[in-house]
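Let me begin by presenting the structure, written as structure tokens, before commenting on it.
No lab work stands behind these numbers, since they all come straight from the coordinates. Treat the numbers as computed from the prediction; the structure is a model and nothing was measured. As a convention, Cβ positions derive from the backbone with ideal geometry for all residues, glycine included, and neighbour counts pool all protein chains shown.
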Amino acid sequence: MDGELLEKGYEPQAVEARWYDFWMEHGCFAADPHRPGPAFVIVIPPPNVTGVLHMGHALTITIQDALIRWRRMCGDNTLYLPGTDHAGIATQMVVERALKADEGLSRHDLGRGPFIERVWQWKERHGNRINDQLKVLGASLDWDRERFTMDALLTRAVREAFVTLHEQGLIYRDAKLINFCPRCTTALSDLEVRHEENVAGTMWDFAYPLEGGGEIVVSTTRPETMLGDSAVAVHPDDPRYQALIGRRIVHPLLSRTFPVVGDAILVDPAFGTGAVKVTPAHDFNDFEVGRRHGLELIPIFDDRAVTTAVCGAFAGLDRDEARVRVLAALGEQGLLRGERPHTMALGRCQRCATLLEPTLSPQWYVRTKPLAEQALAAVEDGRTTILPESQVKVYKHWLENIQDWCISRQLWWGHRIPAWYCDGCGTCTVTREDPPCCPGCGGPLRQDEDVLDTWFSSGLWPFSTLGWPAQTPELQAYYPTTVMETGYDILFFWVARMMMMGLHLVGDVPFRRVYLHGMIRDSRGEKMSKTRGNVIDPLDLTARYGSDALRFTLASLAVQGRDIKLAEEWIAGYRAFCNKIWNAGRFTLGQLAGWSRPASPPPGLSLADRWILGRLERAIVAVNEGLANFKLNEASLAAYHFFWHELCDWYLEMSKAPLYGDDPVAQQAARYTLCHVLDAGLRLLHPFMPFLTEELWQKLPRLPGDPVSLMLARFPQPGELPLDPEAEETVELAHEVIGAVRAIRSECGVPPAARPALLIHAPAETSRRRLAAMHAQIVTQARLGSLEVAAGGEAPRGSAKAVVGGTVEILLPLLGVVDLEVELARLHKGIGKTEQELAGVRKKLGNADFLGRAPAAVVEKERGREQELGETLSRLHAGLARLQQALG
RNA sequence: GGGCGAAUAGCUCAGUGGGAGAGCACCUGGCUUACACCCAGGGGGUCGCAGGUUCGAGCCCUGUUUCGCCCACCA
């Protein structure tokens, strides 16, 4: 010990700044696939390269890093692998915006190649900001293994996956209806559609004239799509319309005709007019009707949802204009039959909120059914388990009803689809290596313009990052990974797809365990969003409270399956806890200055020493169990409770007597214990607050063989400390006595400076022995002038009374010190409470059914309570009588 | 239309069959030589509602109300 003094108050900024580089320099994060020991692997859910740290990241990092640090300290061969996602559409939009703002150019002005070059430049300059932010949080990631989904290595994996699936017939190209965003001008998968419910809209009725006279009235929320109608459907059994099936309708605004068809699947005769206009090229249901009846597909919108030439006089209009003009034209012709308010559901673009247009377009798809079956089986047979368990149902339901996955996007930034078309012979070539010419006719080729859905490459992440398709040592040592920790919001987007891809391509599950954390909300439970203005910035919090406090807060609030309502007061509270730890460290280091730490316990451990070691053992069990079961709240709170309310509140105070005293044996024992429990406490807390614990641990006296960093030190394991029930009972008794005296002092208003004489009557010899052993501690902690313990006798006149454990009487003389009336009221209250409790117990014991059917142990326990409460009560009554005597 | 979750102290939440808990807030008293980011003491709850199972229910079952989320192609 160099005698260096700590600052009085804890300043997280200074402490937290100094350790990350230290850990890096000493290679503390580095994984080695050849190392012995069970593997424990977490690959980070890759944040977007464009991303800035938000609360969700802070939570995910807190949980993952706590698990990784814990297992690393337990001796596992850990790998925590970092990396980022190229995030196709998001990144492209960011760079496009910057391009527009800085140079007034669109991506089309630049052209594809130069634009992609710009995105790379942007990524190099601004892209990895989030990595530095992860370091601020203390994430113990192995940066030498950092990956990016567009790296050459991962691009190779994407190519391998695509070609393999294509060869197996699991990737195909087809022209069908797809959700298309007219603003992003790209197709989207079903998952990227944001469903908006209960939108206030309008339902219009209008009449279609029938060829040869008559009309049929249809209802619609999208009148403009009538420009693309190719049928009106009615129910085949509907007597109103049966006769009309097969007749033709004359399009009132365009020069064409189309039929009335009977379709029992689409049409509900009870809804609206019972006749439905059919637009096969812009509605998913109508598309199916079109297939069933061989109807014409008439796309009326281009990829920006502007009406095309087929709309004749209505060409060149956006969707809203087209609606207005069509309604006007129908009105002029006297065909409008009414309108009414109607609530409906709409699909919007997840990214830009634009109303999606179902559009007919050729896209690439993954045939998901066979993949989903494997993913389902792996969860059913337990190769992968999902926590919280409630999410298993959600996972299964989605996979059981899965639709084919549209993986092509009309973007520039992303993995280009490895398909080449020959305009000469019309073939499509999909290969691992770029083909120089058409393998069919030798003619020139053009590559598919589209890129892959970002989630396609994300789906390969657990193995592409480990070198797949090459059989690397990493893949062999670390696949399947151990835990996939992420938010439940991307269960379908990501988790389910990794399961499908990993099982199919690598042949084993990508992870043994899925742990899905909840969403972070504001203190009122609302989603954080820029528009609401309720976003809490984790970096702002770390700046003001420290990363340790933020991490500890998130860990303590992380209850399985629940969203987290985050209020700043929590963080402030755990900031105070950091200060508490700091000061406990300060005290300890002050006491241990110049002391050399023995490797094994010295003789003469006091009761207090043995007691705190017992409490430590229980904390060790709870923290390990909590972490093992992904109950971070239980683990962190167990460590918190031990450190503050057992170590600081009681042990530190009790240790002062031997530490300050002149008995060298007692002093040595106290120093040893103090050092040991603080060390162990820091280890238990380290997964949650890595910086502060490292700072203090580094200053503690070292043992030979100690590693360079706390993060490499051994995590306390259950069963290494002997339990000492006698010490625990003795100290607990003393605590109860001290608590009773303090309560009397406080409630009766005994002046703080007063040092009253305490008399204890304890009929049991065991109690007297225990109290004698704790004599000095009781005197100090209860601030007494003297303490006398006797088997029994007369209570001093005018004393306050409390009873501990049924028979131990606490007698504190108050005559002439305070108003005895106050004590009288206090006693009455205590008696009332005890009576109430006793009545409850007696009621139970008076029930024959309870005696007959409850387990013997439970009955025995209640009998014990009855006796203790009864004894307490009679002693309190005696005290009351005596007090009334003194008053009367 | 299905599925899921929540409802416990003023607030935020733990507590999966036997004595209602934590943190914050509140009240009282204390600058006691680690810490006022602290210490000690205290007040405060018919555990959403109604039934049921059980010797015993905050916890299990049924129904119900309110709130939230997810999934779903009703014009």
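Note on A:GLU124 and A:ASP303: their simple-model spin labels are 2.9 nm apart, each label 7 Å out from Cα toward Cβ. Spin-label model, A:LYS565 to A:ARG755: label points 7 Å out along the Cα-to-beta-carbon direction sit 5.0 nm apart.
So how much slack lies between A:ALA628 and A:GLN884, counting 0.36 nm per residue of separation and subtracting their Cα-Cα distance, in nm? Contour length minus Cα-Cα distance gives 86.4 nm.
Cα centroid distance between the range A:634-708 and the range A:272-339, in Å? Centre-to-centre (Cα) distance: 75 Å. Couplings for the range A:789-799, taken from phi via the Karplus curve 6.51 cos²θ - 1.76 cosθ + 1.60 with θ = phi - 60°, read 10, 9, 6, x, x, 7, 6, x, 5, x, 10 Hz in order; Gly and Pro are left as x. Would you work out the relative contact order for chain A, in percent, from Cα pairs under 8 angstrom that are 6 or more residues apart? Relative contact order of chain A: 12 percent.
Computed from the Cβ-Cβ distance with R0 of 60 Å, the FRET efficiency linking A:ALA825 to A:ARG35 stands at 0.30.
Taking a ≥ b ≥ c as the square roots of the eigenvalues of the alpha-carbon gyration tensor, chain A is classed prolate because a/c is 1.5 or more and a/b outweighs b/c. Across the range A:732-871, Cα pairs under 8 Å and at least six residues apart give a relative contact order of 25 percent.
Mind running the shape call on the range A:676-827? Use the C-alpha gyration tensor, a ≥ b ≥ c as the square roots of the eigenvalues: rounded below 1.5 for a/c, prolate if a/b tops b/c, oblate otherwise. Note, shape of the range A:676-827 comes out prolate. Taking Cα atoms, how many degrees apart are the long axis of helix A:820-845 and the longest axis of chain A, rounded to 10 and kept between 0 and 90? It is inclined by approximately 60 degrees.
Residues whose amide H comes within less than 5 Å of that of A:GLY487, counting only those at least five positions distant or on another chain, are A:HIS517 (H built at 1.01 Å from N in the peptide plane).
Using the Cβ-Cβ distance between A:LEU539 and A:ILE490 with R0 = 22 Å, the FRET efficiency computed as 1/(1 + (r/R0)^6) comes to roughly 0.45.
So between A:GLN333 and A:GLU196, what do we pick up on full extension, going 0.36 nm a residue minus the alpha carbon distance? Mind showing how you got there, number by number?
On the way: separation 137, 0.36 × 137 = 49.32 nm, distance 3.41 nm.
Contour length minus Cα-Cα distance gives 45.9 nm.
Put simply, when A:771-783, A:673-685, A:38-50 are sorted by average Cβ atoms within 10 angstrom per residue, most first, you get A:673-685, A:38-50, A:771-783.
Show which lysines lie in cross-link reach of A:LYS396 when reach means a straight Cα distance below 29 angstrom and same-chain residues fewer than eight apart are skipped. Answer for A:LYS396, where 29 Å is the Cα cut-off: A:LYS176, A:LYS369, A:LYS527, A:LYS565, A:LYS631, listed by chain and number.
Rounded to the nearest Hz, the phi-derived 3J(HN,Hα) couplings of the range A:212-227 under the Karplus curve 6.51 cos²θ - 1.76 cosθ + 1.60 (θ = phi - 60°) are x, x, x, 8, 9, 9, 10, 10, 7, 9, 10, x, 4, 6, 4, 5, where x marks glycine and proline.
Helix A:390-400 and the longest principal axis of the Cα set of chain A meet at an angle near 20°.
Ordering of A:504-517, A:841-854 by packing is A:504-517, A:841-854, highest average first (other Cβ atoms within 10 Å, averaged per residue). In order along the range A:140-148, phi translates into HN-Hα couplings of 8, 7, 7, 5, 5, 10, 4, 10, 9 Hz, rounded to whole numbers, per the Karplus curve 6.51 cos²θ - 1.76 cosθ + 1.60 with θ = phi - 60° and x for Gly and Pro.
For chain A, a simple Cβ point-charge model (Lys and Arg +1, Asp and Glu -1, everything else neutral) yields a dipole of about 1020 debye relative to the Cα centre. Taking packing as the residue-averaged number of other Cβ atoms within 10 angstrom, the listed peptides A:580-590, A:110-120, A:454-464 run from highest to lowest as A:454-464, A:580-590, A:110-120.
Quote the FRET efficiency, to the nearest 0.05, computed for A:SER746 versus A:ARG340 with a Förster distance R0 of 51 Å and r equal to the Cβ-Cβ distance.
0.10
In chain A, the longest principal axis of the Cα atoms and the axis of helix A:690-699 are about 40 degrees apart. Ordered by the number of other Cβ atoms lying within 10 Å of each residue's own Cβ, fewest first, A:HIS54, A:HIS397 fall into the sequence A:HIS397, A:HIS54.
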